[in-house]
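Structure first, commentary second.
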Amino acid sequence: MEITMLDCKGLACPQPVIQTKEALESGTTRLRVIVDNEASRDNVARFVRSRGGEVKIQAIDRGCFQLMIQVESTPAQQSFDPADYSCPIPTKNSMVYVISSDSMGRGSDELGWALLQTYLQTIEQVDPLPTKIIFYNAGVKLVTRQSGALDALLALQKRGVEILACGTCLDFFQLKSEIQVGHISNMYDIMAAMSEADKVVSPF
């Protein structure tokens with residue numbers, strides 16, 4: 001039997017459990033459920049196991065979880081109180097990092113260049129991760145071949161962080177053909193990303 005997919009991201013408890021219950025009672029025996037918080041993950045798993053099913057849980061991108069569910073047959077209807085699976089859903093704030101220079105701090109440009117690359121390499125250790133990192137003016141040099149932070153930026157991009165580089169700035173420094181990570185953006189998108197963010201962080 002094919003696997004039924006349930007995308008429950010953004011749903012408050014107990015909705016992920018209710019949708020899982022309805023899918024199983026409709027005859028589905030193999031189910032893939034995606035949730036975006038630990039409480040929903042635990043509640044869905046607890047519900048399925050209470051019905052004799054098996055659950056395999058895997059963490060996926062940006063705080064989401066995949067639950068692979070299998071039951072032997074359609075479970076008999078049992079008493080179900082949604083209040084048993086209620087939970088607060090965490091508020092997720094969007095955070096944008098802005099890199100507008102190729103040097104961090106004043107005094108030595110060489111030291112500032114090294115510090116900035118270390119700063120970018122450290123972002124991956126931050127919780128929560130930023131939703132976007134914006135590079136403009138001389139900061140666009142950090143997304144090109146000359147950057148020492150490419151591995152860190154590629155890792156962040158793989159984890160769902162959007163990397164935006166100012167196209168006008170890349171043209172000014174004649175670096176558009178050198179970009180190695182992220183995508184070329186424009187001032188409208190940069191302004192929109194910054195204005196929509198709950199928090200904007202800059203090391204300058």
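No lab work stands behind these numbers, since they all come straight from the coordinates. From a predicted model like this one, the values you see are computed outputs, not experimental measurements. Cβ atoms come from the backbone with ideal geometry, glycine included; neighbour counts cover every protein chain shown.
Each 5 Å bin from zero up to the one holding the largest Cα-Cα distance in the range 4-85 carries the following percent of pairs: 3, 17, 32, 26, 16, 5, 1, 0. Using alpha carbon coordinates only, what is the Rg to Rh ratio of the chain, with Rh defined as the Kirkwood radius? Using Cα coordinates only, the ratio equals 1.15. Measuring gaps between exposed loop sites in the chain (GluC sites (Glu not before Pro); DSSP loop; at most 14 other Cβ atoms within 10 Å), the longest gap, sites not included, is 73-204. Taking a sphere under 13 Å around the Cβ of S86 and counting the other residues whose Cβ falls inside, with K and R at +1 and D and E at -1, yields a net charge of -2.
Here the contact order of the range 152-204, divided by its residue count and restricted to Cα pairs under 8 Å and six or more residues apart, works out to 35 percent. Lysine pairs in the chain whose alpha-carbon atoms fall under 25 angstrom of each other, counting only those eight or more residues apart or on distinct chains, come to 20.
With 0.36 nm allotted per residue and the present C-alpha distance subtracted, the A138-S195 stretch has 18.4 nm of extension available. A crude spin-label estimate for the pair S79 and D61, with each label 7 Å from Cα along the Cβ direction, gives 4.4 nm.
Using a Gaussian network model of the chain whose springs link C-alpha atoms within less than 10 Å, name the residue from P16, P82, P130 with the highest mean-square fluctuation. It is P82.
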